[in-house]
Amino acid sequence: RIGACVTHQALEKSDLVCAHAPALAYAESQVANVRVRNQGTLGGNLAFSDPHSDPGTVLLLHDASVTIGNGRGERRIALRDFFVDVYMTAMDADDLLIDIEIPDLPTEMKSAYRRLHRYQRPTLGVAVGAQVIDGRMSENRLAVGCIGPKPERLTELENKLNGVQPADIGRLVSEEKTYLRDLLRPVDDLLGSADYKLYMACTMLTDALESVTRSNAPD
């Protein structure tokens, strides 16, 4: 559980975070620049809901949740429901974000975060977790952010990848471009066209998944 006012730099360097959520530690090390990481907080980052932001994508991988509070009490919201749209969250006007709860990934699941960036702002962020048993993917988690209004878990693609051999990952991901476009809603902007972002999302999902499945392979 992380207090809302913990800085990005503190999370990047935390032994606890590195041990239990290494992909988050890496994502925190990539946020903007040193000055921002020294002063900016995870709670502020999530509450601002900037679509071009790293931490939220990785936290979706962990099924993270946030505690929201006001004068009437507190409530817990799953992060997937917390993000609503561009710079919009489920918080009311008198709410404060109090803390973030980050469950461990399933046992033996390896994770990774990949980002494409320009001028310190990510154009694309891809978070993946995978577990391989007997040469097949037994469980996986996928999230993509920074190319549309908010980060998203790719639950439909997760289900399709369960049970497949790692060699088939690239083909199956490339067949889901329509699904990814509809879910992620990529936009044309100064950081790239929607088609370019969608192409790179497929490429980076494949690369990250192949990387973690290799790390799952027996010695």
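Is one or more of the residues making up region 121-131 in contact (Cβ under 8 Å) with a residue 40 or more places away in the chain and out of contact with any helix residue (DSSP H, G or I) (no Cβ under 7 Å at 6 or more places or on another chain)? Walk me through how you get there before you give the answer.
To start, the set of residues in region 121-131 that are in contact (Cβ under 8 Å) with a residue 40 or more places away in the chain comprises 121-131.
Okay, now just the ones that are also out of contact with any helix residue (DSSP H, G or I) (no Cβ under 7 Å at 6 or more places or on another chain), so 121-122.
Looking through region 121-131, at least one residue is in contact (Cβ under 8 Å) with a residue 40 or more places away in the chain and out of contact with any helix residue (DSSP H, G or I) (no Cβ under 7 Å at 6 or more places or on another chain).
Under the condition of being of a type outside the set (A, V, I, L, M, F, W, C) and under 12 Å from residue 150 (Cα atoms), which residue from region 56-68 is nearest to the chain's Cα centre (by Cα)? Don't jump to the end; show me each part of the working.
Narrowing region 56-68 to residues of a type outside the set (A, V, I, L, M, F, W, C): 56-57, 62-63, 65, 67.
Within this subset, residues satisfying the condition of being under 12 Å from residue 150 (Cα atoms) are 56-57.
Working: 56: 5, 57: 2 Å.
Among them, the one singled out is 57.
Considering (1) more than 16 Å from residue 30 (Cβ to Cβ); (2) open to solvent by 40 Å² or more (accessible area, probe 1.4 Å); (3) touching a Leu at 6+ places or on another chain (Cβ under 8 Å), say which one residue 121 fails and leave the rest.
Single failed check for residue 121: (1).
Of the residues 217, 201, which is in contact with a helix residue (DSSP H, G or I) (Cβ under 9 Å, 6 or more places away or on another chain) and modelled with pLDDT of 95 or more? Even if it seems obvious, please write down each step before you answer.
Working: 217 fails: modelled with pLDDT of 95 or more.
That would be 201, the only listed residue that is in contact with a helix residue (DSSP H, G or I) (Cβ under 9 Å, 6 or more places away or on another chain) and modelled with pLDDT of 95 or more.
Somewhere in region 94-113, is a residue more than 25 Å from residue 202 (Cα to Cα), in contact with a Phe, Trp or Tyr (Cβ under 7 Å, 6 or more places away or on another chain), part of a strand (DSSP E or B) and of a type outside the set (D, E, K, R)? Spell out the reasoning first.
To start, the set of residues in region 94-113 that are more than 25 Å from residue 202 (Cα to Cα) comprises 94-104, 107.
Those left that are additionally in contact with a Phe, Trp or Tyr (Cβ under 7 Å, 6 or more places away or on another chain): none.
Scanning region 94-113, I find no residue that is more than 25 Å from residue 202 (Cα to Cα), in contact with a Phe, Trp or Tyr (Cβ under 7 Å, 6 or more places away or on another chain), part of a strand (DSSP E or B) and of a type outside the set (D, E, K, R), so the answer is no.
Just name the residue that is least open to solvent (accessible area, probe 1.4 Å) out of those in region 1-16 that are free of Cβ contacts under 8 Å to residues at least 12 places away in the same chain and among the hydrophobic types (A, V, I, L, M, F, W, C).
That would be 10.
From 168, 182, 207, 189, grab the single residue that is in contact (Cβ under 8 Å) with a residue 60 or more places away in the chain and of a type in the set (Asp, Glu). Reasoning before the result, please.
Working: 168 fails: in contact (Cβ under 8 Å) with a residue 60 or more places away in the chain; 182 fails: in contact (Cβ under 8 Å) with a residue 60 or more places away in the chain; 189 fails: in contact (Cβ under 8 Å) with a residue 60 or more places away in the chain.
Of the residues listed, the single one that is in contact (Cβ under 8 Å) with a residue 60 or more places away in the chain and of a type in the set (Asp, Glu) is 207.
Where in region 1-71 are the helices (runs of 4 or more DSSP H), entirely inside, with at least 2 residues that are among the aromatic types (Phe, Trp, Tyr)?
Details: elements: 8-12, 15-20, 22-30, 34-39, 42-48, 55-61.
Ranges flagged: none.
Every residue in region 32-59 that is of a type in the set (A, V, I, L, M, F, W, C) and open to solvent by 10 Å² or more (accessible area, probe 1.4 Å), please. Outline the logic, then answer.
Initial filter on region 32-59 (of a type in the set (A, V, I, L, M, F, W, C)): 32, 34, 36, 42, 46-48, 58-59.
32, 34, 36, 47, 48 - these are the residues of region 32-59 that are of a type in the set (A, V, I, L, M, F, W, C) and open to solvent by 10 Å² or more (accessible area, probe 1.4 Å).
Considering region 1-30 alone, what residues qualify as being aliphatic (A, V, I, L, M) and either over 18 Å from residue 122 (Cβ atoms) or in contact with a strand residue (DSSP E or B) (Cβ under 9 Å, 6 or more places away or on another chain) (or both)? Give the steps one after another, and end with the answer.
Step one: list which residues in region 1-30 are aliphatic (A, V, I, L, M), which gives 2, 4, 6, 10-11, 16-17, 19, 21, 23-25, 27.
Listed by number, the residues that qualify are 2, 4, 6, 10, 11, 16, 17, 19, 21, 23, 24, 27.
The values are calculated or read from the model by the stated rules, or taken from the named source; none is laboratory data. In this text the structure is predicted, and so the values were computed from the model without any measurement. Because the Cβ atoms are built from the backbone with ideal geometry, glycine has one as well, and the counts that use them run over all protein chains shown. Accessible surface areas use protein heavy atoms only, side chains included; no ligands, DNA or RNA. Shrake-Rupley method; radii C 1.70, N 1.55, O 1.52, S 1.80 Å.
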